[in-house]
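Following: one structure in structure tokens, then a few remarks.
The values are calculated or read from the model by the stated rules, or taken from the named source; none is laboratory data. In this text the structure is predicted, and so the values were computed from the model without any measurement. Glycine gets a Cβ as well: all are built from the backbone with ideal geometry, and neighbour counts include every protein chain shown. Surface accessibility is based on the protein's heavy atoms, side chains included, excluding ligands, DNA and RNA. Shrake-Rupley method; radii C 1.70, N 1.55, O 1.52, S 1.80 Å.
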Amino acid sequence: MKLSQVKYAALSLTHNCNLRCTYCYAGEKLDRRMSLDTARRAVDFLADNSNGSCAITFFGGEPLLEFPLIREIVRYSRERYGRRVQFRMSTNGTLVDKELLEFCRDNEMFFVLSIDGSQAQHDSVRRFANGRGSYQRITARISDILEFNPYTIAVSVIVPETAPFVAEGARHLFDIGFRYVLQTLDYSAPWRNEDLRVLKKQYLRLSRFYFESLSKGRKLYYSPFDERIKTWAQKPYGNGDLCDLANTQIAIAASGRIYPCVQFVGSDEASYLDNSIGDVFTGFDESRRAWFVAENYRDKDSCAGCALAGRCATYCGCVNWRATGSLSAVPPIICEHERMLMPIVDKLANKLWKRNVALFERKFYDKAFPLSSYIEDCMIRRRSADAAD
Amino acid sequence: MLRIKRIGLYSVPRYPRGIFAPWREPAALTLIKKGAASAALLAILESCDDGVGVTGPPPVPPDLLTENEARAVITNVFTNNGIQPAPDVIVSIIGSQDDTTEVTLDGYNGSLSVGYEYVAGEDADTFTTALIATIDANTAGSGPYIKATGPAYSSSQLEYLMRAFIDTLKAQGKI
């Protein structure tokens, strides 16, 4: 198997976190961090193993616990590799402040923010170590975050306990100013049929909201709907589109060990070491890496002949592995969820198409939309600023 | 209990796929891109690309099988199983209330009462969910034995589905 150059790498800067989210897959919270030497070696390794440029995502634990290290990594990379290496971050938002936002602005570093919806929904699963909810700490910073980047992505996780609040939570995120909401299920949770029935009602409510929003020209992105519409209107998923673990995307633990994806790092010791595909000091274990890639690309026996193949999320080997222990064994919850969600999404898109909703047509069928939309936004913002003056 | 279940056919979406307006860069945009503003512009656009694909690579036409490709694949499966389907045959589908709908099937063997329909494009207007339910009920009963399918992303997927259909009919002694 011919392996590709690395395009995306997540650097787990620390195993520590100030939150104790109930669904966290990042392993035990330990006071173990990446050293500056290891971080520099990781940047060099990525520059050597990428095709001209790559993107590094700071990950954890909570990466902002190591903000001084982030500064050093970015400085080192800029000095040696200029703009060839781009930086991003995945943060819980509790430690975001103006100093960080200025640093991000100066270094073109964008981040995704983990926030699960309304306060009740968020605080039931995303709490500090002392048990207190983290919602208020984050929302105090949201206006600054969205001023820094109006396109900041809100990432939410749905577990069975929060399923009844999904519609309210997503609407809340749009209402407080997010335009991009990326929502996914914790597939390793103990889902039941009754939970999916609850979730179906939530999606139906959201489909009405989505229809009304697009009809009124309100731009928004809601991943459960948008990504599935795209698999029909644009292109179905192929190997590596949704998940290209160990190939173009990798994760590097605080120790410098390389893993196929952040979901495999865990505590980076004991049984997790079986998933390592090398380290930044001696390089890839190519045979181990090739095994992971081949396993991830292998046709899923349980999906052979399914009409939804190419449209659903069974192509994410990391999710399969977390839920079933095998890259190619699809957990039943994915199949049930996709079979429930796909008709809702298609019915919504059918209606948007039939009613000639202009924003729907532009969004999914006009390749120039991201750019034309951005220019539109700039003009609107400028007009608003002029009016305020 | 949650379970994995293959979908043979689902209600084909009515919104189109793979139709893109040809993209020509406006002259004004070319000027912008040549200017200093372009770097900032593209950097901010890049911010939308973290996992959502908003500014990702331009979408390419899908690799959905065309009707002709699908017909060739299915005909091949039928022929390999000793069934010669005639193209574009009008067949009456009789419902449970003795209501009759005449449809033109992509392929049909009258002597064995076996055929297929690859539902693509405007076919979806004829082959409604209700009609397909009637076809499936007839196939499970005394015939005609028709497989309405589509869309398919690959010939192997379609082959698998049609082989399973014929194997089932054989196992049931219907052909």
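A few remarks follow.
- Flag for A:S77 being among the polar types (S, T, N, Q) and either surrounded by fewer than 22 Cβ atoms within 10 Å (Cβ to Cβ) or out of contact with any strand residue (DSSP E or B) (no Cβ under 6 Å at 6 or more places or on another chain) (or both): no
- All positions within the stretch A:175-199 that are hydroxyl-bearing (S, T, Y) and over 15 Å from the mean Cα position of the chain (by Cα): A:S188
- Selection count where residues are open to solvent by 40 Å² or more (accessible area, probe 1.4 Å) and within 19 Å of A:Y151 (Cα to Cα), scope the stretch A:351-362: 1
- Looking only at the stretch A:279-327, and only at residues there that are open to solvent by 50 Å² or more (accessible area, probe 1.4 Å) and among the polar types (S, T, N, Q), the one that is modelled with the lowest pLDDT: A:T324
- Verdict on A:L359 being more than 13 Å from chain B (Cβ to nearest Cβ), touching a helix residue (DSSP H, G or I) at 6+ places or on another chain (Cβ under 9 Å), touching a residue at least 24 places away in the same chain (Cβ under 8 Å) and in a helix (DSSP H, G or I): yes
- Candidates are the residues of the stretch A:328-349 that are of a type in the set (D, E, K, R) and open to solvent by 20 Å² or more (accessible area, probe 1.4 Å); the one that is farthest from the other protein chains (Cβ to nearest Cβ) is A:K347.
- Here B:E69 passes the criteria (1) surrounded by 18 or more Cβ atoms within 10 Å (Cβ to Cβ); (2) assigned to a helix (DSSP H, G or I) except the one numbered (1).
- Subset tally (residues that are within 23 Å of A:L30 (Cα to Cα) and in contact with a Cys (Cβ under 8 Å, 6 or more places away or on another chain)) for the stretch A:120-156: 3
- Scan of the stretch A:225-253 for residues that are in contact with a strand residue (DSSP E or B) (Cβ under 6 Å, 6 or more places away or on another chain) and surrounded by fewer than 24 Cβ atoms within 10 Å (Cβ to Cβ), ordered by number: A:T248, A:Q249
- Test: residue in the stretch A:368-381 that is at the interface with chain B (Cβ under 9 Å from one of its Cβ atoms), surrounded by 19 or more Cβ atoms within 10 Å (Cβ to Cβ), aliphatic (A, V, I, L, M) and over 19 Å from B:P13 (Cα atoms): yes
- The test for being within 8 Å of another protein chain (Cβ to nearest Cβ) and either over 30 Å from B:F165 (Cα atoms) or charged (D, E, K, R) (or both) does not hold for A:K300.
- Of everything in the stretch B:78-118 that is of a type in the set (A, V, I, L, M), surrounded by fewer than 19 Cβ atoms within 10 Å (Cβ to Cβ) and out of contact with any helix residue (DSSP H, G or I) (no Cβ under 8 Å at 6 or more places or on another chain), the residue that is nearest to B:E159 (Cα to Cα) is B:A86.
- Qualifying residue in the stretch B:76-96 (condition: modelled with pLDDT under 85, out of contact with any Leu (no Cβ under 7 Å at 6 or more places or on another chain) and either basic (K, R) or in a helix (DSSP H, G or I) (or both)): no
- When the helices (runs of 4 or more DSSP H) confined to the stretch A:118-227 are screened for residues that are within 27 Å of A:L242 (Cα to Cα) and either touching a residue at least 24 places away in the same chain (Cβ under 8 Å) or within 14 Å of another protein chain (Cβ to nearest Cβ) (or both), those reaching at least 3 such residues are found at A:166-175, A:193-215.
- Residue match in the stretch B:119-141 (condition: hydroxyl-bearing (S, T, Y), under 25 Å from A:W232 (Cβ atoms) and either in a strand (DSSP E or B) or open to solvent by less than 20 Å² (accessible area, probe 1.4 Å) (or both)): no
- Residue within the stretch A:267-284 that is assigned to a loop (DSSP other than H, G, I, E, B) and within 13 Å of another protein chain (Cβ to nearest Cβ) present: no
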